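Have a look at the structure below, then the notes.
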Amino acid sequence: MLDLTLIPSIGATLPELRVNRHWIGGAFVRSGDAAWSERFSPSHGTVVSRSAVGTIQDSEAAITAARAAFDDGRWSQLPGKARATVLLKVADLIEANTDRMALIETLESGKPITQARGEVSGAADLWRYAASLARTLHGDSHNSLGSDILAVVLKEPIGVVSIITPWNFPFWILSQKLPFALAAGCTCVVKPSELTPSTTVILCDLLQEAGLPPGVVNIVLGYGQPVGATLASHSDVDMVTFTGSTAVGRGIASAASITLKKVALELGGKNPQVIFPDADLESAADAVTFGVYFNVGQCCNSGSRIIVHEDIAEAFTARVVELSKQVAFGDPLDPTTQVGAIVSPEHGQKIDAYVTAAAKAGATVALGGKLLDIPGLTQQFYQPTIVTNVTPDMAIAREEVFGPVLTILTFRTLDEALALVNDADYGLSAGVWSENVHTCLQFARAAQAGTVWTNTWMDGFPEVTFGGVKQSGLGREIGRYGLDEFMEIKSLVMRIGRTRAPWVRPR
Ligand code: NAD
C-alpha cells in the first residue's frame with residue numbers, strides 16, 4: 001500500500017495505490033510471468049497504480065476466451081433488446097462511479113479533475129447511444145428484382161475485435177469503440193495504454209454487475225510488444241481497432257495484413273483553423289485558445305495550426321497571447337485548473353525540441369517556450385506557447401507536436417488558405433471562422449479532413465461520426481457509421497416459387 005502522501009499544492013492526500021490485473025474469461029488474473037509495471041502521477045511524481053504486464057500467453061488466453069464467447073453465441077445471438085439492456089445498465093454504473101474513475105484518470109494522465117469527470121460521465125452517453133443502435137440495427141431489402149426474387153442484405157457482427165487505446169483520453173476513447181462493438185454483437189480483447197490502464201480495468205466490475213456474460217470482454221494489460229502486436233496479428237482475431245500514433249498504426253495495418261483482418265485506425269492530426277477578417281474574432285480567439293491548450297495539447301484534434309488573414313494577423317495573435325496568459329495551468333486535482341501535466345518527461349523534451357528547432361530556423365517564440373515551474377509539482381508542465389513567423393516547411397508547422405504549442409501562418413485569399421490547409425500528411429479535422437456562409441461552405445467542401453467545423457471547434461456528439469482521411473486514419477467511429485465498422489455484410493438472395501429455368505439442357 002502507498003503511504004498517503006500529501007500533495008502540498010492543494011493540501012490533498014492521494015488515495016491508496018490501485019492494483020490492476022488482466023481480466024480474462026470473466027476473472028481477474030495475474031500475468032503468466034507475474035511481472036508488474038508502476039505508473040507515476042505526471043503531476044505529483046508519486047506511484048498511483050501498479051499493473052500486470054502481459055505476455056504472449058496472456059494475450060492468447062484472452063483471444064481464446066473472446067473466440068469461444070463469440071462462437072457459442074452467448075452474446076452475438078442475443079436479441080438486440082437484451083444487448084441494449086446490458087449497455088444501458090453499464091451507462092448507469094459509469095455515472096454512479098464517475099468520481100472514483102475520474103480521480104484515477106487524473107492521477108495517471110495528468111489531466112484536470114473537472115475535465116476527467118466530464119469525460120467519464122460524458123462517456124456514459126456513448127454507451128446509451130450505442131444501446132439505441134443495438135435495438136435499431138438493420139440491413140437492406142431489394143423488393144424490385146422481379147416477381148420471383150427477394151434479396152436482403154444482412155448485417156452480422158464481425159466476430160472477435162481487438163481494441164488498442166492510447167493514454168490521452170483513456171476512458172473516452174475506449175467508449176468510442178467498445179459499446180459499439182458490443183452493440184453489434186462482437187466479443188472483444190482490449191489493451192489500454194500501459195500509462196493509463198486503471199479506468200479500463202474498473203470498467204470490468206461494471207460490465208460484470210450489468211450482467212455481461214463472461215468472456216465477451218477481456219482485458220490484457222501491458223506494452224505494445226508483445227501484447228498489442230499479438231492482438232493485431234493473431235489469426236483468431238477478425239478485426240483490430242486502434243487509436244494512437246500514425247507510426248504504430250502503420251505497423252498494426254501491416255501486422256493485420258497477414259491474415260487480412262479488418263483494420264480501423266484513428267491516428268494523429270495537425271489540424272488547421274482558418275480565420276477570416278469578417279469572423280466573430282472574439283469567439284475565434286477564445287476557440288483557438290481552447291483548441292490548443294485543451295488536454296495540454298495532447299489531443300488528436302488539437303487546433304495547433306492557425307492560418308490567419310494577413311490584415312488581422314497581428315491583432316488576432318496579440319489577443320490569443322493575452323487569452324493564453326489567463327488560462328489556469330496547475331495541479332490537475334485543483335477543480336479550478338484548466339490545463340494539467342505533460343504525460344511523461346520524455347514527451348516534455350520532445351515538445352521543447354520542436355520549439356527550439358523552430359526558433360533556430362527563424363521563427364519567433366511570441367509566448368512561452370519553456371518548462372513551467374509550479375511549486376510543489378513535478379517538472380512535467382509546459383508553458384502556453386505561441387510561435388509566429390513560421391513557414392509551412394518547418395517541422396513545427398507540419399508534425400504533431402502534441403503539446404501546448406500554437407503555430408501561426410498567414411494567408412491572403414481563400415485559395416491560398418486552402419492550399420496551406422491541404423498541404424499536410426494528416427487530415428483529421430479543420431475549421432473556418434467567417435460570417436460569410438459562402439466562404440464557410442466553399443472551405444468545408446475543399447478541406448481534406450474527416451471533420452470540418454465552421455465557427456466552432458471540437459464540438460462532438462455520439463450521433464455524428466468521427467475519423468480521419470490521409471494519414472489520420474481509416475474507418476469511422478461513433479454514430480451509425482461507427483457501428484457499421486463492427487459489422488460484416490451478407491447478401492441473401494431468395495427465389496419465390498419454382499420459376500428457375502434449368503441451366504443444363506437435356507441432350
Ligand atoms: P501510441 O501509438 O504510442 O500507443 C497507442 C497504443 O498502442 C498503446 O496502447 C500502446 O501500448 C500500443 N502500441 C504501441 N506499440 C504497439 C505495437 N507495435 N503494436 C500494437 N500496439 C502497440 O500512441 P499514444 O502515444 O498512446 O497516443 C498518442 C497518439 O494517439 C497521437 O499520435 C494522437 O494523435 C493519437 N490519437 C488519435 C486519436 C484519433 O481519434 N484520431 C485520438 C487520440 C489519440
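The values are calculated or read from the model by the stated rules, or taken from the named source; none is laboratory data. In this text, all values refer to a predicted model and were calculated from it rather than measured experimentally. Backbone-built Cβ (ideal geometry, glycine too); neighbour counts: all protein chains shown.
May I ask you to verify whether THR439 is hydroxyl-bearing (Ser, Thr, Tyr), surrounded by 12 or more Cβ atoms within 10 Å (Cβ to Cβ), more than 30 Å from PRO157 (Cα to Cα) and not assigned by TED's automatic domain parsing to the domain that holds SER121? I'd like the intermediate steps shown before the answer.
On the way: hydroxyl-bearing (Ser, Thr, Tyr): yes; surrounded by 12 or more Cβ atoms within 10 Å (Cβ to Cβ): yes; more than 30 Å from PRO157 (Cα to Cα): yes; not assigned by TED's automatic domain parsing to the domain that holds SER121: yes.
The answer is yes for THR439.
Got a sec? Which of SER31, SER43 is under 22 Å from VAL217 (Cα atoms) and of a type in the set (S, T, N, Q)? Can you show your working first?
On the way: SER43 fails: under 22 Å from VAL217 (Cα atoms).
Exactly one of SER31, SER43 is under 22 Å from VAL217 (Cα atoms) and of a type in the set (S, T, N, Q), namely SER31.
Somewhere in segment 217-230, is a residue assigned by TED's automatic domain parsing to the domain that holds THR98, among the aliphatic types (A, V, I, L, M) and in a helix (DSSP H, G or I)? Outline the logic, then answer.
Here is the first cut: in segment 217-230, the ones assigned by TED's automatic domain parsing to the domain that holds THR98 are 217-230.
Imposing the further condition that a residue be among the aliphatic types (A, V, I, L, M) reduces the set to 217, 219-221, 227, 229.
Next cut, in a helix (DSSP H, G or I) only: 227, 229.
So far as segment 217-230 goes, yes, one or more of its residues are assigned by TED's automatic domain parsing to the domain that holds THR98, among the aliphatic types (A, V, I, L, M) and in a helix (DSSP H, G or I).
Could we say that VAL263 is more than 11 Å from the ligand (Cβ to nearest atom), over 18 Å from PHE169 (Cα atoms) and buried (at least 24 other Cβ atoms within 10 Å of the Cβ) here? Break it down into steps so the answer makes sense when it comes.
On the way: more than 11 Å from the ligand (Cβ to nearest atom): yes; over 18 Å from PHE169 (Cα atoms): yes; buried (at least 24 other Cβ atoms within 10 Å of the Cβ): no.
Spelling it out, it is not the case that VAL263 is more than 11 Å from the ligand (Cβ to nearest atom), over 18 Å from PHE169 (Cα atoms) and buried (at least 24 other Cβ atoms within 10 Å of the Cβ).
Taking segment 225-245 as the search range and keeping residues that are near the ligand (Cβ under 6 Å from one of its atoms) and touching a residue at least 12 places away in the same chain (Cβ under 8 Å), which one is nearest to the chain's Cα centre (by Cα)? Write out each step before concluding.
Of segment 225-245, the ones near the ligand (Cβ under 6 Å from one of its atoms) are 225, 228-229, 232, 243-245.
Cutting the leftovers down to touching a residue at least 12 places away in the same chain (Cβ under 8 Å) gives us 228-229, 232, 243-245.
Numbers: GLY228: 16, ALA229: 19, ALA232: 18, THR243: 6, GLY244: 7, SER245: 11 Å.
Taking the candidates together, the pick is THR243.
Could you please find all residues in segment 394-424 being among the hydrophobic types (A, V, I, L, M, F, W, C) and under 22 Å from the mean Cα position of the chain (by Cα)? Quick ask: steps written out before the conclusion?
Taking segment 394-424 first, the residues among the hydrophobic types (A, V, I, L, M, F, W, C) are 394-397, 401-402, 405-406, 408-409, 411, 414, 417-421, 424.
Those that are among the hydrophobic types (A, V, I, L, M, F, W, C) and under 22 Å from the mean Cα position of the chain (by Cα): VAL401, PHE402, VAL405, LEU406, ALA424.
Among the residues of segment 451-475, write down those that are touching a residue at least 24 places away in the same chain (Cβ under 8 Å) and either out of contact with any Gly (no Cβ under 9 Å at 6 or more places or on another chain) or outside any strand (DSSP E or B) (or both).
Correct list: ASN455, THR456, TRP457, MET458, PRO462, GLU463, GLY467, GLY468, GLN471, SER472, GLY475.
Name the helices (runs of 4 or more DSSP H) wholly within segment 325-431 that hold at least 2 residues that are under 15 Å from PRO272 (Cβ atoms)? Please lay out each step first, then the result.
On the way: elements: 345-360, 395-398, 414-422.
Those helices (runs of 4 or more DSSP H) span 395-398, 414-422.
Given (1) over 22 Å from LEU178 (Cβ atoms); (2) within 16 Å of the ligand (Cβ to nearest atom), identify the lone condition not met by ALA284.
In the conditions (1) over 22 Å from LEU178 (Cβ atoms); (2) within 16 Å of the ligand (Cβ to nearest atom), ALA284 misses (2) alone.
Take VAL248 and tell me if it is surrounded by fewer than 22 Cβ atoms within 10 Å (Cβ to Cβ), β-branched (Val, Ile, Thr), near the ligand (Cβ under 9 Å from one of its atoms) and closer than 24 Å to ALA35 by Cβ. Walk me through it before giving the result.
Working: surrounded by fewer than 22 Cβ atoms within 10 Å (Cβ to Cβ): yes; β-branched (Val, Ile, Thr): yes; near the ligand (Cβ under 9 Å from one of its atoms): yes; closer than 24 Å to ALA35 by Cβ: yes.
Taking the combined requirement at face value, the residue satisfies it.
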